[in-house]
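K.L.:
Here it is, the structure in full.
The values are calculated or read from the model by the stated rules, or taken from the named source; none is laboratory data. Worth saying up front: this structure is predicted, and the values here are computed from it rather than measured. Neighbour counts run over all protein chains shown; Cβ positions are idealised from the backbone, glycine included. Note: areas computed on protein heavy atoms with side chains; ligands, DNA, RNA excluded. Shrake-Rupley method; radii C 1.70, N 1.55, O 1.52, S 1.80 Å.
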Amino acid sequence: MSRGIAEAFESGVVRSTSAMLCIDETITQLKQCRSLFEGKVGVHLQLMDGAPCAGASRVPSLTDENGLFHTAPTPVNGIALAEVREEWHAQVERLLSNDFVPTHLDAHNHVHLVPGILDVYCDLALYYGLPARSGTPRVAAKLKERGVNCVDHCDIRGFEGSITAEVFLEKVEHAFAECGDGVVEIMCHPGYVDASLKEKSVYVEERKQELDVLCSAAVREGLEQLGVEVIGRLLVERT
């Protein structure tokens, strides 16, 4: 998947990515592409998949009998919010300790949408002075109420059916129709399909389709015709 993201940076319209710091190979991949990713990577806060950065003994409510995050969607009941706070701070600190300054926060499987966890998410964003992904109007209102910077419209929906340049551009156009002139965030998952991806995700073949679309001349030309400028953090702004 990281190879696809790098290609979408180099040849496409993607300008930002988010790192899963609880996956062993993440830091290695970031360092290998430092010139490409530096100043363009945020923290994809995790409560599932991989091993906690804080150490399993410090976050027992978040881990299974093997000291790993759950691989199924995180069970919300029984989670200690103090442990979520400690773990998420550890994830941000891991990126900082490897000489990458995060540009934003978002969350794996949108777990920040859960009440309670959302408060921790806001606190973290304020502590580090980072903008954060919203995902829904309710969450955007909460972030803004707490003084956390977020975009005017955030589209976290995936694609259904065939992904084409026309479909992507329609998504962008719809986003601006919802919020008017301003800043829009379009979530995407460009990548190459391999055996590992098929084991970890149900969103598989669509990733290569997204990569092809995001790197296409049709999308670049279409955004220009819509009066949209790509500005970073998977953001687009109407000029």
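K.L.:
Test of understanding: what is the full-extension gain from Glu224 to Glu170, defined as 0.36 nm times their sequence separation minus their Cα-Cα distance?
P.N.:
Working: separation 54, 0.36 × 54 = 19.44 nm, distance 1.36 nm.
The span from Glu224 to Glu170 would gain 18.1 nm if fully extended.
K.L.:
Using amide H atoms built in the peptide plane, which far-off residues or other-chain residues are under 5 Å from Met20 H to H?
P.N.:
Close amide H contacts, sequence-distant or interchain: His44.
K.L.:
How big, on average over all directions, is the shadow cast by the Cα convex hull of the range 153-239, in nm²?
P.N.:
Working: hull surface 22.3 nm².
Dividing the Cα hull surface by four gives the mean projection, 5.6 nm².
K.L.:
Please express the shape of the range 35-164 as an equivalent ellipsoid: the semi-axes are the square roots of 5 times the eigenvalues of the C-alpha gyration tensor, given largest first in whole angstrom. Intermediate results must be reported in sequence, preceding the final value.
P.N.:
On the way: eigenvalues 104, 67, 57 Å².
So the three semi-axes of the range 35-164 are 23, 18, 17 Å.
K.L.:
Moving on. Restrict the search to the range 170-239; then list the GluC sites (Glu not before Pro) that DSSP places in a loop and that have at most 13 other Cβ atoms within 10 Å of their Cβ.
P.N.:
none
K.L.:
Still on this structure, please answer the following. By how many nm would the segment from Glu205 to Asn66 lengthen if fully extended, with 0.36 nm per residue of separation less the alpha-carbon distance?
P.N.:
Working: separation 139, 0.36 × 139 = 50.04 nm, distance 3.10 nm.
Contour length minus Cα-Cα distance gives 46.9 nm.
K.L.:
Right, another one. Round to a whole angstrom and tell me the spacing of the C-alpha centers of the range 117-194 and the range 6-45.
P.N.:
Rounded to whole Å, the Cα centres lie 18 Å apart.
K.L.:
When you take every Cα atom in the chain, what is the radius of gyration, and what is Dmax, the widest Cα pair distance, in Å?
P.N.:
That works out to 17.6, 54 Å for Rg and Dmax.
K.L.:
Whole number in Å², please: accessible area per residue of the chain, 1.4 Å probe, ligands, DNA and RNA not counted. Write out the running numbers ahead of the final one.
P.N.:
Numbers: 11320 Å² over 239 residues.
I get 47 Å² per residue for this part.
K.L.:
In addition: Note down the nm distance, to one decimal, between modelled labels 7 Å out along Cα→Cβ at Arg58 and at Ser11.
P.N.:
Roughly 4.1 nm, to one decimal.
K.L.:
Additional query: Along Cα→Cβ, 7 Å out, is where each label goes; now give me the distance between the ones at Ala195 and Thr28 in nm to one decimal.
P.N.:
Taking the simple label geometry, Ala195 and Thr28 are separated by 1.7 nm.
K.L.:
Starting from the Cα of Ala82, step 7 Å along the direction of its Cβ; do the same at Glu38; then give the gap between the two resulting points in nm.
P.N.:
It works out to 4.0 nm between the two label points.
K.L.:
Moving on. Over the chain, what is the mean sequence separation of C-alpha contacts under 8 Å (at least six apart), divided by residue count, expressed as relative contact order in percent? Please list the in-between numbers first.
P.N.:
Numbers: 394 pairs, mean separation 52.8, N = 239.
This gives 22 percent for the chain.
K.L.:
Using 0.36 nm times the number of residues separating His110 and Glu160, minus their current alpha carbon distance, what extension gain do you get? Walk me through the intermediate numbers first.
P.N.:
Numbers: separation 50, 0.36 × 50 = 18.00 nm, distance 1.86 nm.
Result for the pair: 16.1 nm of gain on full extension.
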